[in-house]
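The values are calculated or read from the model by the stated rules, or taken from the named source; none is laboratory data. It should be emphasised that the depicted structure is a prediction, and the values quoted were computed from it without experimental measurement. As a convention, Cβ positions derive from the backbone with ideal geometry for all residues, glycine included, and neighbour counts pool all protein chains shown.
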Amino acid sequence: MASSKLTGGAFLFENAADADVFIPEEFTEEQLMISSSVKEFMLKEVHGLGVERVASLDAEKDKALVMEIFKKASEMGFCGVSVDEQYGGMGLDFNTSLLFTENLSLGFSFATTIGCQTSIGSLPITWYGTDAQKAKYLPGIASGEKGCSYCLTEPSSGSDANSAKSRAVLNAEGTHYILNGQKMWITNGGFAEVFTVFAKIDNDDKLSAFIVEKDFGGISLGKEEKKMGIKASSTVQVFFNNCPIPKENLLGERGKGFNMALNILNSGRIKIAAGAMGGMKYGLERVVDYTTQRIQFNKPISDFGAMKLKMGTIAASAFAIESGVYRTGADVDKKHDELLKAGSSGNDAKINSMREYAIECAILKVIGSEAVCNTADEAIQMFGGMGYSQETGVEMAYRDARITKIYEGTNEINRMLSLGEFYKRAFVSKELKISKASKTVPSAIFQNFNPFKSGFLSSEFMFVNNLKSLFLIITGVAGAKLKEKLVDEQEIVMNLADILAMAFMAESALLRVRKLKGKAGTDNATLIIKTKMAQLYLYDALDTARKAANNAIDSFSSGLTKFALKRLVGIMLKTYCINPRDLRRDVADHMISKKGYYF
C-alpha cells in the first residue's frame, strides 16, 4: 500500500499539490445552506434582542432567557452537529462542523454555550464511548434535552492537567466509583445534566475519564463566575463529594484520560480559530458600516489611510485563517475516511484523524485567537469614543474575544505544543522524515540567488519554502547546542513556533489563491483581490518570522554561529518587494464596496 500523504506537520517537508488542498470556495450548496441557517438563527434570536440587552445578558440573572434560546437552537438541530445520525444528530463531517462554528460566533457569548455542547461537551462520548454509552447519552445531548459539559481544570491544575487531585475509588461491592474533588471554569456547568469528568483512580499517576450524571448525587455547584467577558455563558465550579459513578460509566480505558483530554482539545483549538475568523468577518462588517457613515473633515473616515490600513490588515488575516482552517478541516476528514478504509473502527478513525493534525490545530488556535483580539481592539479604535461605549456593542466583542487566548490551552502552551509535537514526530516516532527535508535545505538557500524565477506567485512560494528551511536550520542548530535543555528555554521555543506558524499560514493563503487561478469560473476581479490579501499576509508574516528568528538566534548562539545564522536570515527573509500601502488600500476599498468580508 502506498504511503499516505495525509500526515500532520508534513507541510514542512512537502510542497502540497493544488489538487490536494481544499479551499472554502469548494463548499457545496448543502454546506452553505447549513452555514446560512446558523447565521440567520443568530441574527434573529440573539442580535434580535438588541445591543444593550445582549451586552447585559448574565448567565445567572438571565438563565431562563439563555435556556430559551438554547431550546430554540436545539430544535434547529444545532446541538447534534457532531453526533452521528443513528443517535439523533446531524452527523456532520468535521469541515462542515467548522463552517457551523464560524457562523456560530455571531451569537456572541451564547456561541460558547452551543459550542461547548457540540464540541468538548459531547465529543468525549462521541469519540470514546461504548455503543451502550452512546445510545444512553447522545440522543439527549443531540436533542438539547440534556446539557453537557467538560470537567478538566482544577484550582491547582490548569495547563498541567495531569496534576489533578480529584480521585475515584471503587467501592467494596465493585459496582461504583466514589468520586471526590473540585473542578473550576466549567462551561455550561450551571445547567448541565451530563459531565465528562477527569480524575485519577486510586493511586494512579494518570487521569481517567467518567460520564457523570447530575442525578447521581454528591454534586454541588458554585455560583456563576463574574467574568470579564462571555457573561451569558454559564461558568461555575463543580464539587464532587462522594459522588457514586456506576462502574460502566468509565469512559475509554483506565489511565488514558489525559490523552483523551488532549485530543478533545485539539478539536476545540481549531474550532476557536473558526469562531475567531467568523468574529473577524463580523467585525469588518461593523467597522465598514460605522466608518462609511462617520463624517470628519467633510468626508467619511473610511476614506482615510489610517482606517484602510487597519481594515486591510484584518481582512488579510481573516483570509489566511479561513484558508488554514478549512484546509486542515478537510485533511482531518480525508484522514478519517482513509483510516476507515484501512479497517479502523469508527471511534478510532475519529480519534486518530484529529490527533494527526495536532500541530496545525495548535498553530491555528494561536493565530486565530490573537487575530480576533487584535480585530476587536482595532474596531474600538476605529469607532473611537463610541467603541468604548456599551451602546455599540464593540466593547463587548473586545471582552468576549480575550478568553480565546486562554482556553483550550493558553497561547504560550500551544506555541510550545506545536514545536514539541514536531520534535516528537521528527525525532522520536520518526513519522516526519526530517532527513528527507534536510536534503532540500541547500537548494532552498540557493534559489534565492536565481534571477530567473517566473510564474504565478513564484517569488511568494520561494519565501514560504525559505520560512520552512529557516525553521529547520535554526531548530536544528538550537537543538544541537542546547540538547534536552531546549525544552526549558521557552522564549526560544516560542520564537521557533512563530516561524513554523508563519510558514503554514502563509502557505495556506497562497495555495488557495493558486488553486483558484486554475479553477474554472473564477472571477478575475475576485482572484486579484484575494491574491492581494495573500500577499499582504505574507508581507506581515515575514516581519513576524524575521523578528522571531533573530530573537532565537541572539538567545542561544554567539560568534561565527550567530553571524552565519543571522546572515542566512538576511538572505532567506530578504525584503519582499510589494507596496503594502497600496495593497491594503485596495483590499480595504473592496471591503467597503462589499460592505464587509463578502465574496
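Points to keep in mind about this one:
- Residue ID - nearest to Ser156 (Cα to Cα), chosen from residues in the range 192-208 that are part of a loop (DSSP other than H, G, I, E, B) and within 25 Å of the chain's Cα centre (by Cα): Leu207
- Among residues of the range 237-286, those that are within 16 Å of Gly181 (Cβ to Cβ) and of a type in the set (Val, Ile, Thr), counted: 2
- In the range 290-317, the residues that are among the small types (Gly, Ala, Ser), touching a residue at least 24 places away in the same chain (Cβ under 8 Å), closer than 29 Å to Ser508 by Cα and out of contact with any Pro (no Cβ under 9 Å at 6 or more places or on another chain): Gly305, Ala315, Ala316, Ser317
- Options Ile186, Ile211, Ile230, Ile125; residue that is assigned to a helix (DSSP H, G or I), modelled with pLDDT of 95 or more and not basic (Lys, Arg): Ile125
- Annotation note: Cβ proximity below 6 Å between a residue of the range 402-431 that is touching a residue at least 60 places away in the same chain (Cβ under 8 Å) and a residue that is among the polar types (S, T, N, Q) and surrounded by 20 or more Cβ atoms within 10 Å (Cβ to Cβ) (sequence gap 6+ or interchain) occurs for Thr404/Ser369.
- Every condition in (1) touching a Lys or Arg at 6+ places or on another chain (Cβ under 8 Å); (2) surrounded by fewer than 19 Cβ atoms within 10 Å (Cβ to Cβ); (3) touching a residue at least 60 places away in the same chain (Cβ under 8 Å); (4) not polar (S, T, N, Q) is met by Leu511 except one, and the failing one is (2).
- Criterion violated by Phe319 - all others in (1) surrounded by 24 or more Cβ atoms within 10 Å (Cβ to Cβ); (2) in contact with a Phe, Trp or Tyr (Cβ under 7 Å, 6 or more places away or on another chain); (3) farther than 17 Å from Ser105 by Cβ; (4) not hydroxyl-bearing (Ser, Thr, Tyr) satisfied: (3)
- Single residue of the range 40-69 satisfying the filter (among the basic types (Lys, Arg) and in a helix (DSSP H, G or I)) that is nearest to the chain's Cα centre (by Cα): Lys44
- Qualifying positions in the range 79-93 - buried (at least 23 other Cβ atoms within 10 Å of the Cβ) and in contact (Cβ under 8 Å) with a residue 60 or more places away in the chain: Cys79, Gly80
- Yes/no for Arg585 being part of a helix (DSSP H, G or I), loosely packed, with under 13 Cβ neighbours inside 10 Å and in contact (Cβ under 8 Å) with a residue 40 or more places away in the chain: no
- Failed condition for Tyr576, given (1) part of a loop (DSSP other than H, G, I, E, B); (2) more than 20 Å from Leu309 (Cα to Cα): (2)
- Residues located in the range 41-78, provided they are more than 15 Å from Lys146 (Cα to Cα), buried (at least 17 other Cβ atoms within 10 Å of the Cβ) and of a type in the set (Ser, Thr, Tyr): none
- Test: residue in the range 543-556 that is farther than 30 Å from Ser302 by Cα, surrounded by fewer than 21 Cβ atoms within 10 Å (Cβ to Cβ), at pLDDT below 95 and assigned by TED's automatic domain parsing to the domain that holds Arg514: no
- Subset of the range 1-17 (residues that are surrounded by 15 or more Cβ atoms within 10 Å (Cβ to Cβ) and either modelled with pLDDT of 90 or more or within 24 Å of Thr96 (Cβ to Cβ) (or both)): Leu6, Thr7, Gly8, Gly9, Ala10, Phe11, Leu12, Ala16
- Only one of the numbered conditions (1) among the hydrophobic types (A, V, I, L, M, F, W, C); (2) closer than 18 Å to Glu225 by Cα; (3) surrounded by fewer than 24 Cβ atoms within 10 Å (Cβ to Cβ) is not met by Cys151, and that is (3).
- Here Lys226 meets the list (1) among the basic types (Lys, Arg); (2) in contact with a helix residue (DSSP H, G or I) (Cβ under 8 Å, 6 or more places away or on another chain); (3) free of Cβ contacts under 8 Å to residues at least 40 places away in the same chain almost entirely, failing just condition (2).
- Scanning the range 334-357 for residues that are surrounded by fewer than 20 Cβ atoms within 10 Å (Cβ to Cβ) and not basic (Lys, Arg) gives Asp337, Glu338, Leu340, Ala342, Gly343, Ser344, Ser345, Gly346, Asn347, Asp348, Asn352.
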